[in-house]
Every structure is written in structure tokens, then in C-alpha cells.
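Every number here is computed from the coordinates shown, using simple stated rules; none is lab data. Given the structure is predicted, the values throughout are model-derived calculations rather than measurements. Don't worry about glycine lacking a Cβ; one is built from the backbone with ideal geometry, like all the others, and counts go over all protein chains shown.
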Amino acid sequence: MPHPYVLLSAAVSLDGYLDDTGPERLLLSGPADFDRVDEVRASVDAILVGAGTIRADNPRLLVNSPERRAARVAGGRAEYPLKVTVSGSGDLDPAARFWHTGGEKVLYTTDEGAGRAHALGLAADVVPLGAELDWRLLLEHLHAERGVRRLMVEGGGTIHTQLLTEGLADELQLVLAPLFVGDVEAPRLFGPGSYQGGRLRLVESRPIGDVVLMRYEPTAPGTGPLPSAADHHWLALACELAAECPPSETAFSVGAVVVAADGTELARGHSREGTDPVVHAEEAALAKTDPTDPRLAGATVYSSLEPCARRASRPAPCARLVLDAGVRRVVTAWREPDTFVAGADGSAVLAAGGATVVVLPEHEDRAKAPNGHLLGR
Ligand SMILES: NC(=O)c1ccc[n+]([C@@H]2O[C@H](COP(=O)([O-])OP(=O)(O)OC[C@H]3O[C@@H](n4cnc5c(N)ncnc54)[C@H](OP(=O)(O)O)[C@@H]3O)[C@@H](O)[C@H]2O)c1
Ligand SMILES: [Zn+2]
């Protein structure tokens, strides 16, 4: 089930705190950065904060610029993004500004929390998600029932930590402020928790007044059938590699990337790479890995086209090469059509060998683009 694009946004002190312990919210960034945040808010369909942030900061979470609100309306969107909050207890102040400013509001809660929220008369659509709150269900619900395609998450740390460690964040926009808090009781941006995703990719850094904005993307593949944010990045890269293949009238153009569980790229390749006129993308990429590398067992192979199940040019098809390398997860954009091999079913070969195959059809058009001349035959 599709999820919205999830953007985590936060400002932290030099020592990694989101706030101090005083009664007033600590202002970490300056006017230019608040204006940037306003611009990001104006670009999203929904803004989410945790119940702790509503209690501590009593935020409004509005788009403040009238021009940006007008542009939203002119573009056919609601004047304000949907406001979303999360509370297990349902115990929130009905007089908080969150409920009484801006546009529509949704509270995601537990079955028990929903009872309390109704009793308190919170001015929001109350959605119970079961005995416990499940982030995947929440994101699916926002996408399917509320049409949310871009979600901005503005804290606090409890929320950010869960979304990052569960592999559900697509982007982190972090502002570092030149302030020292030095109070161990103050809320932190992240942790404690366990993040298996290794290093994030820095995609931008920019000074804004005396603060610095850093934008990061996670790099870790998903686990099993669950796609992660980074699965899309890696599959898009495989599709880019497909476009680099020398053209052929008799074989598909395919790109492939092998990525370890912590997001380290192990190898990449594309069809007919180098001096080998018949090499397949997965074959070319796997040939560059060390067969004794223990990371292959937890790795994911991204291939713009489903790995082949049969081929004339080599004894072993790519589905077999993937299994023989020890890889047990494949992400692809497109199932192989019958153009060259009737009934090709690399996914079945992989599944029979114990591998999980994830198809992300969002990338199908890009995977097909360098193969247009072979399709429709
Ligand atoms: N600097 C910044 O950019 C920034 C941004 C936002 C917030 N902050 C600061 O962050 C602090 C608040 O952070 P916080 O970590 O205490 O609170 P939070 O993350 O805003 O909210 C935590 C609350 O959300 C609910 N919740 C979260 N995960 C849940 C789950 N899996 N199941 C059920 N309920 C769940 C719980 O509500 P219930 O207790 O109701 O069950 C929990 O107490 C404040 O000091 C605020 O100033 C700073
Ligand atoms: Zn192949």
C-alpha cells in the first residue's frame, strides 16, 4: 500500500537538543529559517506533530504567508495543509491552538485513546488504529483516505526517532543552531533507539543566517516485502544505468545495483557493459562483488527489469546468479515481457530459491524508456 513522502523537519542546538526545559519554547532558528519552514509547509499536503509537542509548545502549525496560502488555493489545494497529530492516550487539551487554527485536523490514536478523545470533545477527525499505534497503517490511511502525498513531520523527538528507525522517513531536514543547551533533561532529536540504516546521504547543506540547513536521505534498503524510502532511490539509479546501455535490437537495456543492508553500495552494472556484448546488468554488477563478502546475504539487488529466468547466451540466468551470490531480496520496476523468452518468470525462480521480490511500478516508465523500440512487437 502506498505511503506519502515523509519529510522530517527539526532544528537542534549544537549539543543535539530540540528545546530546553524552560516553560517557553526555545527559539533555535531565526526569521529567515522560519520563512523557509513556512515555504516547506506551504508545499505539503499535511503537517504532523506528536502529542508531546502540542503539550509543550501549543503550536498553530499554519502557513503564515498570505501569498503562499493564495498560491495553494489557486493550485486547487486547501488553504492550509491538513494538521495531523498522534497520541496513544488521547489525552490532549481541547483548548490547544492546534485544534482551533488552520484547516482540517486528524488525530491518530489507539482504540483506548479514541474513547478519551471523544469524551474530551477534541475538534478533529479521530481515527483509532487498534490496540497500538502502527506507523505504516497511519501512513497508508493518510495516503488512501486523505490524499496526502507529501507529509511534513515537525517533531518531537519521539516521533522523529520512530519514523527514522522504522525506515519510514524519506528525507531529514535538519537545522543546526549555534546555541548550547547543556541540560540532560531537555528533549533530544533522536534516541534512544536502534537504527540499522548506516550512514545517511547528505543531499544539500546551506547556511541560512547563523544556522545551517542540512538535508539528508536514508540509504538503507527495506526488509522483506516492505519497501523503504531508499528502495526508490536505488531503483531510480538502476533505471538511470539502464539508459547507459549500448543500444540493441535483440536484448533489453537494464541497469542493476547491489546494496548492503546498511545502505552501502557494493556494485553496479548495466547490460552489454564494457567489452562483453551479451552481459546482463545483474551479472555485470554481481561480478564486481567479492563472492565471500558476508554482506551479500543481507543485500538487495535493484534491477530495472526483473532478473531473467532463462537465457541463451550464458548457462545461468540472472535469477540463478542472484541466488548463488546469496542475495535474498530483489527490487525491480518491471516484470519481463515475452519479447525474447516466452513465459519468462524470474520472480518465480527467485521466490522458489527463498528470495523476496518487490515490484515498484512507479518506476516502470523509466525502466521501459530505453527499451521503447523493443516493446509492442
Ligand atoms: N526544535 C524543533 O524543531 C522541535 C520540533 C518539535 C518539537 N520540539 C520539542 O520536542 C519536545 C516534544 O517532544 P516529545 O518527544 O516529548 O513529544 P512528541 O514526539 O511530540 O510526542 C510524543 C507523544 O506522541 C504520542 N506517540 C508517539 N509515538 C507513539 C506511538 N507509537 N504510539 C502511541 N502514541 C505515540 C504519545 O502521546 P500520548 O502521550 O498522548 O500517548 C507521545 O507521548 C518539546 O519540548 C518541543 O519543544 C522541537
Ligand atoms: Zn539476465
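Points to keep in mind about this one:
- Ala352-Leu120 pseudo-label distance in nm [points 7 Å out on the Cα-to-Cβ vector]: 5.7
- Other residues within the sphere of radius under 15 Å centred on the Cβ of Val278, judged by their own Cβ, net out at -1 (K and R +1, D and E -1).
- Loop sites in the stretch 169-209: GluC sites (Glu not before Pro), DSSP, at most 12 other Cβ within 10 Å: Glu185
- The modelled label-to-label distance between Ala316 and Arg25, using points 7 Å beyond Cα along the C-beta direction, is 5.7 nm.
- Cα gyration tensor shape of the stretch 224-364, rounded if a/c is under 1.5, else prolate or oblate by comparing a/b with b/c: rounded
- Candidates per chymotrypsin sites (Phe, Trp or Tyr not before Pro) in the stretch 157-217, loop by DSSP, up to 11 other Cβ within 10 Å: Phe180
- Per-residue [θ]222 nm for the chain (sum of -39500 (n - 2.57) over DSSP H runs n ≥ 4, rounded to 500): -7500 deg cm²/dmol
- Charge-dipole axis of the chain as Lys and Arg at +1 and Asp and Glu at -1 on Cβ define it, positive-most pick from Thr21, Cys308, Ala70: Cys308
- Residue among Leu163, Leu305, Leu226 with the largest mean-square fluctuation in a Gaussian network model of the chain, springs linking Cα atoms under 10 Å: Leu226
- With neighbour counts taken as other beta-carbon atoms within 10 Å, the residues Ser29, Ser271 rank, fewest first, as Ser29, Ser271.
- Virtual spin-label span in nm between Gln196 and Asn64, 7 Å along Cα→Cβ: 4.2
- Net charge, Tyr216 excluded, C-beta distance under 14 Å - Lys, Arg +1, Asp, Glu -1: 0
- Gyration tensor verdict on the chain (Cα atoms; rounded if a/c is under 1.5, prolate if a/b is larger than b/c, oblate otherwise): prolate
- Here the calculated FRET efficiency for Ala131 and Met1, from their Cβ-Cβ distance with R0 = 25 Å, stands at 0.80, rounded to the nearest 0.05.
- Within the stretch 145-176, backbone nitrogen closer than 16 Å to the virtual label 7 Å beyond the Cα of Thr223 toward Cβ: 162-169
- Fully extending the segment from Ala32 to Glu204, taken as 0.36 nm per residue of separation minus the present Cα-Cα distance, adds 60.2 nm.
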